[in-house]
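To start, the structure under review is shown below, and the notes come after it.
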Amino acid sequence: MASSRKLKSNSVSRKAENVLREQVRPGNRLVVGLSGGVDSVVLLDLLVPLSIPLQVTLSAIHINHGISPHADQWSRFCHHLCHSRGVPFEIVRLKICRTPGISLEAAARDERYRIFATLEADYVVLAQHLDDQAETLMLQLLRGAGVKGLSGMPVVRAGRSWIKAPLPQSSEQASGHGVPPHPKILRPLLDVSRREIEEYALEHALQWMKDESNDNVAFDRNFLRHEVFPLLEKRYPSYRKTFLRASRHIAEASALLDELAQADSRECAASGKIEIECLRKLGFLRAKNLLRYTFAREGAILPSAAKLEDILRQLLSTGASTKLHVTFGDTEIRTFGGLLHLRETSVPPPIHWRMAWQGEEQVVIAELGGTLAFTPTEGAGISLGRLTEFPVTIRLRSGGERLRPDCKRPRRSLKNLLQEAAIPPWERETLPLIFSGEYLASVPGLGVDCDFQAAPGEQALIAHWRPGPAPA
């Protein structure tokens, strides 16, 4: 029996090492997601000796969600475990807020991944295993998921396109560091069963914490684990491997659909937007695949299958002058000029909003969702001397503004100039206007009024408006 256990223990180590040697490189930084349960404790036990021949830097992080009454006990256990092994350790404390329609388990998972995405690491290493994969596949089937959901968990997942919300802060969280490119998620135990992990832990006399919520069959995953899968195993003892094989087949199909969507995107993209007429030519199924791919690439929370089909039908039925506006989650779709625009929903600022400009080269304007930058130059752009004759303010359109960007033509209404420039209506609502006193001096991207244009050799500024997050 002991010999059998030792063979299984070696098998667990070998499987994990094979994955690690295939994925990591010398000098990589690995952070273990340490919950204190048997799975993550075994993972840490495997990685500590492997980190030396692999020449990687190893540390661990524990996310204290504050949900269980024993949460602080788990944190202390993880701290002592890492301290005893000389592994650098960090605790992040969170407060999980319940959101209608989202389970507490899902909310906690989302918060964990938000934290993982900001870590200064090459890989966040997680202890999800073969049984977790089977449970995930079954849950996705019961939810009616598509091929993306049925693909299961990959061994490696890059980026963090699924994360959009801001990171909750913690006094115990490291601060003052720049955020590197988002680390990859690495799961070296996906071919290892829960039984093998527990036998490894017993053989190596490891200690771990037991999560009392794992026995609560009110949670769907626990119901499958305790009620459904034991029955399934009696008839199909190899169901775990079979499920894994099925999920990998589906993952291949999903990858091919993404390749098709990439090709369709290149064909239908114009200035980073999708041409609706091109969408029509694809046919319904390919157009739906392209929309789903585009939403995921932009980090939008995917709508339900019914909502996605409804959005597509509305898009395909729009005319050249139709201005469609559809929202789902925190994302909105708008159409303008025959193009589909995908953007995050936002609350428009008050029409009388304004702010003073004090000579800054760059102004982050949260209310307008962008950054206004002023580049010093000579003989082109806004005359610095003329601009600063009166206090300079940045404002929004209130109606009736006029601008003369061409000195050979008369002053014209800003409304007409914006229409001619084909600027979408919703972008006009948040376009910053630069005033000197009560005179409209410049509209970024549109032009400088003739009275404020710099003469040759004169000190000047060129104003640029960049919607979106501030540059790093």
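Rule-based calculations on the coordinates, nothing more; no lab input. Quick caveat, the model's predicted, so the values are computed rather than measured. Here Cβ is always computed from backbone atoms with ideal geometry, including for glycine, and neighbour counts include all displayed protein chains.
So which cysteines of the chain have no other cysteine's Cβ under 4.7 Å from theirs?
CYS78, CYS82, CYS97
Would you calculate, for the chain, the mean residue ellipticity at 222 nm contributed by helices, counting each DSSP H stretch of 4 or more residues as -39,500 (n - 2.57) and dividing by all residues, to the nearest 500?
On the way: 16 runs with 183 residues, N = 472.
That comes out to -12000 deg cm²/dmol.
How big is the charge dipole of the range 392-464 about its Cα centre, in debye rounded to the nearest 20, if each Lys and Arg gets +1 on its Cβ and each Asp and Glu gets -1 on its Cβ?
260 debye
Would you list which aspartates and glutamates come within 16 Å of LYS288, measuring only between C-alpha atoms, while excluding same-chain residues fewer than 8 positions from it?
Qualifying aspartates and glutamates at Cα under 16 Å: ASP258, GLU259, ASP264, GLU267, GLU275, GLU277, GLU298, GLU309, ASP310.
Helix 305-316 sits at what angle to the longest principal axis of the chain, using alpha carbons and giving 0 to 90 degrees rounded to 10?
For 305-316 against the chain, the angle is about 30 degrees.
Compute the acute angle (0 to 90°) between the alpha-carbon long axis of helix 71-85 and the principal axis of greatest extent of the alpha-carbon atoms of the chain; round to the nearest 10°.
In the chain, helix 71-85 runs at an angle near 70 degrees to the longest axis.
Under a plain spin-label model, where a point goes 7 Å from the Cα along Cα-to-Cβ, how far apart in nm are LEU231 and ASP330?
4.0 nm
Can you tell me the relative contact order of the chain? Whole percent, Cα pairs under 8 Å, sequence separation 6 or more. Write out the running numbers ahead of the final one.
Numbers: 733 pairs, mean separation 55.8, N = 472.
Rounded, it is 12 percent for the chain.
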